[in-house]
Amino acid sequence: PNQTVSILGLGAMGAAITARLRDTGHDTVVWNRTAAKTEPHVAAGSRAAATVAEAAALGDVVLVVLLDHLSVREHLDPVAAELKGKVVVNLTTTTPNQARATAAWAAEHGLTYLDGAIMAVPEMIGTPVSRLLYSGDRGAYDAARGILETLGAADYEGEDAGLASLKDMALLTSMYQLFSGFIQAAAMMRTVGVPAAETAREVSAWLGAILPHTELFAGVIDSRDYSAGQSVDFTRAAVGSLIAASREQGVSADFLEPLLSRLDELSATGRGGADWTSVNEQLAIG
Ligand code: NDP
């Protein structure tokens, strides 16, 4: 079926998505708060909508690619009536609870809502390394699937609308901590004149070799049997050395301190002999 896709938001990501849909032969309607950004898209074959209501009315599928949760609700709430019978797919980055709140709002108004999370940068959209996660209304996913799969691999995570963004946030959490590790490593090596470009190559090679260890750790975490493996006390000494070495070079070890504190807590409460991944038990709050 030839579905018309309305795209709300022509920032870097919305523009890339629109271009990809156009290039794959889809009929596209675009709306952007700053209307001038629609012009190159109109020149390339999209139609511009003057209002969100008009974009909603024209599209079978409405892709929302705005800045954040607040901007989404600011523009969707007033057009619930126009969105009736459409498939609304919100690709805007939100927290899991924000996704659930929008899903609840949609259900209240009888709308078909799917929440999405984009595991790609704009240049990756439509290429084999692009992946998008979806959760919420299964019917909406099935109805929009042909369109969604042109953007990248499309993975449906489940009916709970918060699942896609939860996974997105978890993956980005691990990414930022890895990247901050690289940033600290580069700062350490720069103290002896090694350019960050060289440290980047070293870090990529090292992390590439060591990352599969996450699967060994996962086995321990899933079993919650912390009786074997690298101990808390061994790891405390190792992390303590990293902190000392960084400081010796005049580089703050602030990113590592919280890990050492958690390990210290375990040791102080008689769990220094346990596998160090037991630190995951310390992370539960409230
Ligand atoms: P940009 O900053 O390039 O664009 C932001 C878009 O949101 C613009 O269209 C802007 O409109 C619009 N906007 C901001 N505030 C409002 C508002 N209050 N009302 C209406 N429109 C508003 O961001 P991106 O396109 O890169 O990102 C869009 C979404 O995609 C974000 O949620 C982001 O987290 C997500 N994403 C982006 C990735 C990336 O690499 N860029 C990767 C993965 C996800 P205007 O032109 O009028 O300012």
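In percent, how large is the relative contact order of the range 4-158, given Cα pairs closer than 8 Å and 6 or more residues apart? Provide the component values of the computation, followed by the final result.
Values: 310 pairs, mean separation 31.0, N = 155.
The value is 20 percent.
Counting helices only, and only those DSSP H runs with n ≥ 4, report the 222 nm mean residue ellipticity of the chain as the sum of -39,500 (n - 2.57) divided by its residues, in deg cm²/dmol to the nearest 500. Mind dumping the intermediate values first?
Working: 12 runs with 146 residues, N = 286.
Computed mean residue ellipticity for the chain: -16000 deg cm²/dmol.
Label-point separation (nm) for Phe182 and Ala104, each offset 7 Å from Cα along Cα-to-Cβ?
3.9 nm
Ranking His41, His69 by Cβ neighbours within 10 Å, fewest first, what do you get?
Numbers: His41 22, His69 19.
In order of increasing Cβ crowding within 10 Å: His69, His41.
Convert 37 °C to kelvin, take the viscosity as 0.692 mPa s, use the Kirkwood radius over C-alpha pairs of the range 167-283 as Rh, and evaluate the Stokes-Einstein diffusion coefficient in µm²/s, rounded to a whole number. The partial results should precede the final answer.
Details: Rh = 15.6 Å.
The estimated diffusion coefficient comes to 211 µm²/s.
How much net charge surrounds Gln3 when only other residues with a Cβ under 13 Å from its Cβ are counted (Lys, Arg +1; Asp, Glu -1)?
-2
Count the net charge of all other residues whose Cβ sits under 15 Å from the Cβ of Leu263, scoring Lys and Arg as +1 and Asp and Glu as -1. Could you put the intermediate results ahead of the total?
Values: positive: Arg236, Arg262, Arg271; negative: Asp233, Glu257, Asp264, Glu265, Asp275, Glu281.
Neighbour charge sum, excluding Leu263 itself: -3.
Taking a temperature of 4 °C and a viscosity of 1.567 mPa s, what whole-number D in µm²/s does Stokes-Einstein yield for the chain with Rh from Kirkwood over alpha carbon pairs? Mind showing how you got there, number by number?
Numbers: Rh = 21.7 Å.
Reported coefficient: 60 µm²/s.
Treating cross-link reach as a plain straight distance, find the aspartates and glutamates whose alpha-carbon is under 20 Å from the alpha-carbon of Lys167, omitting any fewer than eight places away in the same chain.
In chain and number order, the partners are Asp68, Asp115, Asp137, Glu149, Asp155, Glu157, Glu159, Glu215, Asp222, Glu281.
Taking 0.36 nm per intervening residue step and subtracting the Cα-Cα distance, what contour gain separates Ala284 from Arg145 on full extension? All intermediate terms of the calculation are to be shown ahead of the outcome.
Values: separation 139, 0.36 × 139 = 50.04 nm, distance 3.62 nm.
Between Ala284 and Arg145, full extension yields an extra 46.4 nm.
Checking understanding here: applying a Kyte-Doolittle mean of at least 0.5 and a length along the axis of at least 30 Å (C-alpha), which whole DSSP H helices in the chain pass?
On the way: long enough: 163-190 (40 Å, 0.79).
In the chain, the long hydrophobic H runs are 163-190.
Which of the peptides 30-37, 17-24, 227-234 is most tightly packed, and how do the rest follow, going by the mean number of other Cβ atoms within 10 Å of each residue? Before the final figure, lay out each step's value.
Values: 30-37: 17.2, 17-24: 19.8, 227-234: 15.8.
Highest mean packing first, the order is 17-24, 30-37, 227-234.
Springs between alpha-carbon pairs under 10 angstrom, Gaussian network model over the chain: which of Gly14, Gly272, Gly45 fluctuates most?
Gly272
Give the relative contact order (percent, whole number) for the chain; include only Cα pairs under 8 Å separated by 6+ residues.
Numbers: 460 pairs, mean separation 33.5, N = 286.
Contact order relative to length: 12 percent.
Report, to two decimal places, the Cα Rg of the range 1-71 normalised by 2.2 N^0.38 Å (N = number of residues). Can you show the working numbers first?
Values: Rg = 10.8 Å, N = 71, 2.2 N^0.38 = 11.1 Å.
Compactness ratio reported: 0.97.
Residue-wise, which Karplus ³J(HN,Hα) couplings in Hz belong to the range 275-286, taking 6.51 cos²θ - 1.76 cosθ + 1.60, θ = phi - 60°, and x for glycine or proline?
4, 5, 5, 4, 4, 5, 5, 7, 7, 5, 10, x
Using Cα springs under 10 Å in a Gaussian network model of the chain, which residue among Ala103, Ala205, Ala187 shows the largest mean-square fluctuation?
Maximum among the listed residues: Ala205.
Every read-out reported here was derived from the displayed coordinates using simple, explicitly stated rules and does not represent laboratory data. As the structure is a computational prediction, the values presented were derived from the model and not from experiment. Note: ideal-geometry Cβ built from the backbone for every residue, glycine included; neighbour counts use all protein chains shown.
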